[in-house]
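The values are calculated or read from the model by the stated rules, or taken from the named source; none is laboratory data. Just so it is clear, the model here is predicted, and its values are computed rather than measured. Cβ atoms come from the backbone with ideal geometry, glycine included; neighbour counts cover every protein chain shown. Calculation scope for accessible area: heavy atoms of the full protein, side chains included, ligands and nucleic acids excluded. Shrake-Rupley method; radii C 1.70, N 1.55, O 1.52, S 1.80 Å.
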Amino acid sequence: MNRLRTVVVSAFVLATGAVAVTGPSQDAKTAIPRLERRGGATQLVVDGVPFLILGGEVGNSSGESGYLAPYWPGLRALNLNTILAPVYWELMEPQEGRYDFSQVDGLVRDARANHVRLVLLWFASWKNSVSTYAPAWVKTNTARFPRAADATGRGLDILSPLSNASRDADARAFAALMRHVRETDGSTHTVLMVQVENEIGMIADARDRSDAANRLFGEAVPRALIDHLARGGEKLAPELQALWTAAGRRTSGTWEQVFGRGRATDELFTAWQFATYVQAVVAAGKAEYALPMFVNAALIRPGALPGQYPSGGPLPHLFDVWRAAAPSIDFLSPDIYFQTFAEWCRRYARSGNPLFIPEAQRSADAAVNAFYALAEHDAIGFSPFAIESASGPGAASLAESYRLLSGLAPTILAHQGRAGMAGLLPEGPEQRLPQELSLGGYVLRVSYERQAGPSLADGAVTPLGAQPGLWPAGGLVIATGQDEFLFAGIGITITFAIEGSADPVGILSAEEGEFSDGAWRHGRWLNGDQTHQGRHIRLEPGHFSVQRVKLYRYREP
Ligand code: DGJ
């Protein structure tokens, strides 16, 4: 895999922003992909060196090798380094206990041939709430594999998370998958991580109303959750904290006694059942091959109440329940299709949850959202959805941003978890005033500019609700040394002031170029019109660029 396009060298960044490359030890190289705490960030370490996932998730029914074959040239042109692709339980275990790994083997073979890595998505008991990827022998045996029910007693197309039989069947199959991945990929590491299930959530009620669920709901809240609440203190999600406090902060009792009566409590119960079930699946898989594993969530539309969205999934207000019930899950991920990208990143990056975005809107904005997540929230990676369908300007800007990010990856990785790096992203279409941020002793005022480009031919959603045909605006900044900054992105203009001083700031130099294979490649020196005669730094709209900037301070004599 040493021909992978993305630079995955271990690196430290010199004051100039240049990157010095050191090789991993032999032991580290053979270690399986794992998460490691480095500085204040959690990073994915592959073959002994930190790795940023510049990814794309294929569509739900695009995970078969033969179908995907014609799309590979287009995928390669996007400069991504990782594909996220489903493994279907129904195809892998068509008869109970008889496994057919040809689908996943095809993905691994094709990924290697195209020099990309893989994140596998285990489409099993639940996919977008429902259980359509369960094998026929599960689907048709409702006595053995019971369904959740609505308040009228009608069965839903959702396997009940209370069923030990379903849980064990899923866990056995998942363990078989992970054993197979270890046997076939344990030394090559094409497969980096695994998402277990997909967008779990109960709908159109906040909880299962089957008799079994009603009985359990009347029993005591599990001790493990109570202990987590008691230990959590200020770190508990504010929504959970509020519910528990309003109900008197009891440390024993039924769900309604401990959390009060209502949809929110129903949802807590649901989250506990889902998370407990998934914990067993994840633990069985990790016992075979302990890759990093995560779950993803469908986010909540503004104003929707529990039951009106897929409820009980790994949503920010339920983090504590998932953590207490499923300690083997490494992190909880958002699928961000809303325009409030920055806000959802913030909510998922809280309380130590490493941020990884397995699905995002495949719009032109994806290109800048990747910069923002990696720099502002130390994200492990980013991945727009239905990536094989990317075309037109959305695809062009993603390809360009991934190309620059590949070069910048060692520098970004070296600054993750440390002060001095920030993501730059307008907070929605109403962002008019410049954003202000303090970095490296300076106040930076950042404004955003979009430029009309070709229309979005691939049907991608219009960025930030703006007029069609506008390029995205955003990027990142890194304070690389005393009075020195690195900027990367598109459509951003920055002016500078000294923190706590009225002294003027001048631009000593602005150099456009890019990082490639760990080295800085000079493009041109910028001055004159390109810096507005020394007044600002501007990364032009319409195309991505990188600049290394030196500032100086002067006073009136
Ligand atoms: C989110 C799901 O996780 C994906 O599998 C897919 O169904 C998309 N929604 C479709 O927009």
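From the list Ser163, Ser125, which one is at pLDDT 95 or above, among the polar types (S, T, N, Q) and crowded, with 23+ Cβ neighbours inside 10 Å?
Ser125
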**Asked** For residues in the stretch 16-31 being open to solvent by 50 Å² or more (accessible area, probe 1.4 Å) and not charged (D, E, K, R), which is modelled with the highest pLDDT?
**Response** Thr30
**Prompt:** In this structure, is Phe294 outside the structural domain of Cys345 (by TED's automatic domain parsing) and in contact with a Ser or Thr (Cβ under 6 Å, 6 or more places away or on another chain)?
**Reply:** no
**Request:** Might you let me know whether the stretch 212-223 holds any residue that is part of a strand (DSSP E or B), farther than 23 Å from Phe174 by Cβ and within 16 Å of the ligand (Cβ to nearest atom)?
**Result:** no
**Request:** Can you work out which of the residues in the stretch 38-65 that are open to solvent by 50 Å² or more (accessible area, probe 1.4 Å) and in contact (Cβ under 8 Å) with a residue 12 or more places away in the chain is nearest to the ligand (Cβ to nearest atom)?
**Result:** Glu64
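Residue-wise test of (1) surrounded by 24 or more Cβ atoms within 10 Å (Cβ to Cβ); (2) of a type in the set (Gly, Ala, Ser); (3) part of a loop (DSSP other than H, G, I, E, B).
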{"position": "Pro327", "(1), (2), (3)": "no, no, yes"}
{"position": "Pro334", "(1), (2), (3)": "yes, no, no"}
{"position": "Pro354", "(1), (2), (3)": "no, no, yes"}
{"position": "Arg362", "(1), (2), (3)": "yes, no, yes"}
{"position": "Ala367", "(1), (2), (3)": "yes, yes, no"}
{"position": "Ala373", "(1), (2), (3)": "yes, yes, no"}
{"position": "Ala379", "(1), (2), (3)": "yes, yes, yes"}
{"position": "Phe382", "(1), (2), (3)": "yes, no, no"}
**Prompt:** In the stretch 81-90, is there at least one residue being touching a His at 6+ places or on another chain (Cβ under 9 Å), part of a loop (DSSP other than H, G, I, E, B) and either open to solvent by 10 Å² or more (accessible area, probe 1.4 Å) or within 23 Å of Ala364 (Cα to Cα) (or both)?
**Reply:** yes
**Request:** Within the stretch 395-413, identify whether any single residue is open to solvent by 20 Å² or more (accessible area, probe 1.4 Å), in a strand (DSSP E or B) and at pLDDT 95 or above, and answer yes or no.
**Result:** no
**Check on Arg154, more than 21 Å from the chain's Cα centre (by Cα), free of Cβ contacts under 8 Å to residues at least 24 places away in the same chain and assigned by TED's automatic domain parsing to the domain that holds Trp322** = yes
**Request:** Tally the residues that are open to solvent by 10 Å² or more (accessible area, probe 1.4 Å), in contact with a helix residue (DSSP H, G or I) (Cβ under 7 Å, 6 or more places away or on another chain) and within 16 Å of the ligand (Cβ to nearest atom), restricting the search to the stretch 277-309.
**Result:** 1
**Fill in**
In the stretch 246-276, residues that are assigned to a loop (DSSP other than H, G, I, E, B), in contact with a Phe, Trp or Tyr (Cβ under 6 Å, 6 or more places away or on another chain) and either surrounded by fewer than 14 Cβ atoms within 10 Å (Cβ to Cβ) or aromatic (Phe, Trp, Tyr) (or both) total 0
**Item:** Condition broken by Gly312, with the remaining ones in (1) surrounded by fewer than 24 Cβ atoms within 10 Å (Cβ to Cβ); (2) in contact with a Phe, Trp or Tyr (Cβ under 8 Å, 6 or more places away or on another chain) satisfied
**Value:** (1)
**Message:** I'd like to know if the stretch 480-495 contains one or more residues that are surrounded by fewer than 16 Cβ atoms within 10 Å (Cβ to Cβ), among the small types (Gly, Ala, Ser) and under 22 Å from Ser438 (Cα atoms).
**Reply:** no
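If only one of Glu499, Glu511 is open to solvent by 50 Å² or more (accessible area, probe 1.4 Å) and either more than 23 Å from Ala473 (Cα to Cα) or touching a Gly at 6+ places or on another chain (Cβ under 8 Å) (or both), which one is it? Quick ask: steps written out before the conclusion?
Numbers: Glu511 fails: open to solvent by 50 Å² or more (accessible area, probe 1.4 Å).
Being open to solvent by 50 Å² or more (accessible area, probe 1.4 Å) and either more than 23 Å from Ala473 (Cα to Cα) or touching a Gly at 6+ places or on another chain (Cβ under 8 Å) (or both) holds for just one of Glu499, Glu511, which is Glu499.
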**Request:** Go through the stretch 172-211 residue by residue and tally those that are buried (at least 24 other Cβ atoms within 10 Å of the Cβ), away from the ligand (no atom under 16 Å from the Cβ) and over 27 Å from Val116 (Cβ atoms).
**Result:** 3
